[in-house]
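Chemist: Just passing along the structure, written as structure tokens.
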Amino acid sequence: MKFKKSILVGTILLGITPLSFGQIANTAHDFTLSRAHWNLANEMCNVCHAPHNTDVSQAHNPLWIHTTTQANYTLYTGYTFSTKGGVGQQYGTPDGSSKLCLSCHDGTVAINSVNGAVLDTIGGKFGSVMMGTTHLNSTISPTTGLAGSHPISFVYDQNLVGKDPLLNNPLTTITPSGNGVTIAKELLDANGKVQCTSCHDPHLNTTTNWKYVRYNNNVGSQLCLVCHNK
Amino acid sequence: MKYIKIILLIVLIVSITEKGNAQSGITNSLHNFSSASWNQWGSNGLGGTSATSTSGRIGGQICAPCHAPHVYTSNVSPGSSVIGPMTSAPSNAPLWSHQLSAVTSYSTYSGYNMDSTALAQAAGGPVGTSKLCLSCHDGTVSMNYYRTFSASTSGIKPILMSAINGGASNLGTDLRNDHPISFVYDQGLSQRTNNGVYDPTSHASGIILGGSATNGTIQSDLLEGGTLLQCTSCHDPHNGAGAPHMLVKSNTASALCLTCHNK
């Protein structure tokens, strides 16, 4: 994932001067004190990342510190898959970066839980802040949420393109970011999988990239069309 | 001289027809709603051409009227106008986000000479993907009722199929005058019709997708779940073949009909 590059592109597209880490500021993922009363450390990244003591049990660990969800999910079942006669394809159980997103968004782990403990509370003053109760629209609940969501955590490779000719080849198709990189490089994870991060960059500025959606907010459905040759 | 002129004329006509051939892909089809006046997320809708975070809408969207990356429950429940949070999203492949038609009693084709077993299946009315098509084409649901937009969204003026292009694409709820859909087309039907329709499990579909032949059969390429004949047996809503009327393949010399009918 080209985090820095997407910041650059966003900046060039919109012609605004960036702060060095300003994208995430004042968005839903900015957990500084004025926005998240429980984050006494008043840092921006500390709920998700830490320089030390990160969770090495995670296979995918971008210096990750947030407590990881243990939930199992009802998944999206593919409809037509490769041909109309194909059997409904079950996509993968969430792994990689999707598991990181779901650690807050499935509503089972407190937003302010890091390494298994509630972050920075004074004698439990603030308690657990849960997604499901406070932020209903952003909750993807384990039981139902992923059944109605775009498939994630499955390998998108030439083999899949062979079965579904209406997918673009991830190894050769260039994305609209303007960096001349392929789908595989920019949108898929190290294992070649589609994840939440294929469509969302959790660090984008939501004033210009509503709901952290890549490519200038998916204007003209360019995000969908980069992979789907429809 | 005259002869040459005629040849030239023919060449010209052929090349024009060739050029006139619609290009494939949804972008080049009547299903490209990116600038439709009723598409709230289109370039002429409330979304505008650029991202507007304040209204929470995005412009120029092609997929949005039908699909959502995350589906909110109730705008897809039949006839519902209530909007629910992501927590209660149903399984609704293919990520369908357009409000479904509440109609349950369609009048269906009652075959002149149709196989009674297959017909019995059809009598229940449309199921599966055909219901997705009918969520616009039966003329009862407004085109712009998708995602979180519904009758109760302020500023939404309903636009029904009857208001578009003189209602040419409005099938209504009386489907007696339309080709039967949602029935099982299997080897048995082929046998019972004395091979009047080909055996779908072995007869080639002749479908070309993404530029190359699928080498599939009627069953694998044209029947939903390998069994049901649906609207999508003849039409590709994404215009994959670039054939007129978004057919799955050109019907020149009735080639599409003859894919299944042994006539």
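Chemist: Got a number for the accessible area of A:K125? Probe 1.4 Å, square angstrom, nearest 10.
Modeler: Spelled out: A:K125, probe radius 1.4 Å, area about 140 Å².
Chemist: So, one more: Could you give the length gained on full extension between B:S105 and B:I159, defined as 0.36 nm per residue of separation minus the Cα-Cα distance, in nm?
Modeler: Working it through step by step, the gained length comes to 17.2 nm.
Chemist: Provide a whole-number value for the mean count of partner chain Cβ atoms within 10 Å of the Cβ atoms in peptide A:69-77.
Modeler: Details: counts 0, 0, 0, 0, 0, 2, 1, 7, 2.
Going residue by residue through A:69-77 and averaging, the value is 1.
Chemist: Here is the link list: A:K99/A:K163; A:K185/A:K211; A:K163/B:K131; A:K99/B:K157; A:K230/B:K263. Which ones come out longer than 31 Å on Cα distance? Write out the running numbers ahead of the final one.
Modeler: On the way: A:K99/A:K163 27 Å; A:K185/A:K211 22 Å; A:K163/B:K131 26 Å; A:K99/B:K157 41 Å; A:K230/B:K263 33 Å.
A:K99/B:K157; A:K230/B:K263, as the Cα separations exceed 31 Å there.
Chemist: Can you tell me, using C-alpha contacts under 8 Å and at least 6 residues apart, the relative contact order of region A:137-230 as a whole percent?
Modeler: Working: 108 pairs, mean separation 23.5, N = 94.
It comes to 25 percent, rounded to a whole number.
Chemist: Could you check the spin-label model distance between B:S152 and B:N28? Points 7 Å from the Cα along Cα→Cβ, value in nm.
Modeler: So the label points at B:S152 and B:N28 sit 4.4 nm apart.
Chemist: Of the peptides B:138-149, B:246-257, how do they stack up when ordered by the mean number of other Cβ atoms within 10 Å, highest first? Don't skip to the answer; put the middle values down first.
Modeler: Details: B:138-149: 22.8, B:246-257: 15.6.
Going from most to least packed, we get B:138-149, B:246-257.
Chemist: So, one more: In sequence order, what are the phi-derived ³J(HN,Hα) couplings for region B:181-197 according to the Karplus relation 6.51 cos²θ - 1.76 cosθ + 1.60 with θ = phi - 60°, rounded to whole Hz, with x for glycine and proline?
Modeler: Each residue's phi maps through the Karplus curve to give 9, 6, 10, 7, 10, 10, 4, x, 5, 4, 5, 5, 8, 6, 6, x, 10 Hz.
Chemist: Let me ask another. What does the average come to when, for each residue of peptide B:222-229, you count the partner chain Cβ atoms lying within 10 Å of its Cβ? Write out the running numbers ahead of the final one.
Modeler: Numbers: counts 3, 3, 4, 7, 5, 1, 1, 0.
The shielding value for this peptide is 3.
Chemist: So what are the ³J(HN,Hα) numbers for region A:110-115, from phi and the Karplus equation (6.51, -1.76, 1.60; θ = phi - 60°), rounded to whole Hz, Gly and Pro as x?
Modeler: Going residue by residue, I get 4, 4, 9, 9, 10, 6 Hz, with x marking Gly and Pro.
Chemist: Which percent of the accessible area of region B:183-260 is formed by carbon and sulfur heavy atoms (probe 1.4 angstrom)? Write down the numbers at each step before the final one.
Modeler: Working: 1970 of 3450 Å².
Accessible surface attributable to carbon and sulfur in region B:183-260 totals 57 percent.
Chemist: Take peptide A:210-216, look around each residue's Cβ out to 10 angstrom, count Cβ atoms belonging to other protein chains, and average those counts.
Modeler: Values: counts 8, 5, 0, 3, 0, 0, 4.
Averaged over the peptide's residues, the number is 3.
Chemist: Show me, for region A:42-55, the HN-Hα J-couplings you get by feeding each phi into the Karplus relation (A = 6.51, B = -1.76, C = 1.60, θ = phi - 60°), rounded to Hz, glycine and proline as x.
Modeler: 6, 10, 9, 9, 5, 6, 10, 10, 8, x, 9, 6, 7, 7
Chemist: Rank-order B:236-243, B:190-197 by packing density, defined as the average count of other C-beta atoms within 10 Å over each peptide's residues, highest first.
Modeler: Working: B:236-243: 20.9, B:190-197: 15.1.
The most tightly packed comes first, giving B:236-243, B:190-197.
The values are calculated or read from the model by the stated rules, or taken from the named source; none is laboratory data. All of these numbers come straight from a predicted model, not from anything done at the bench. All Cβ positions, even for glycine, are placed from backbone atoms using ideal geometry, and neighbour counts span all protein chains on display. In case anyone asks, the SASA skips ligands and DNA or RNA and just uses the protein heavy atoms, side chains included. Shrake-Rupley method; radii C 1.70, N 1.55, O 1.52, S 1.80 Å.
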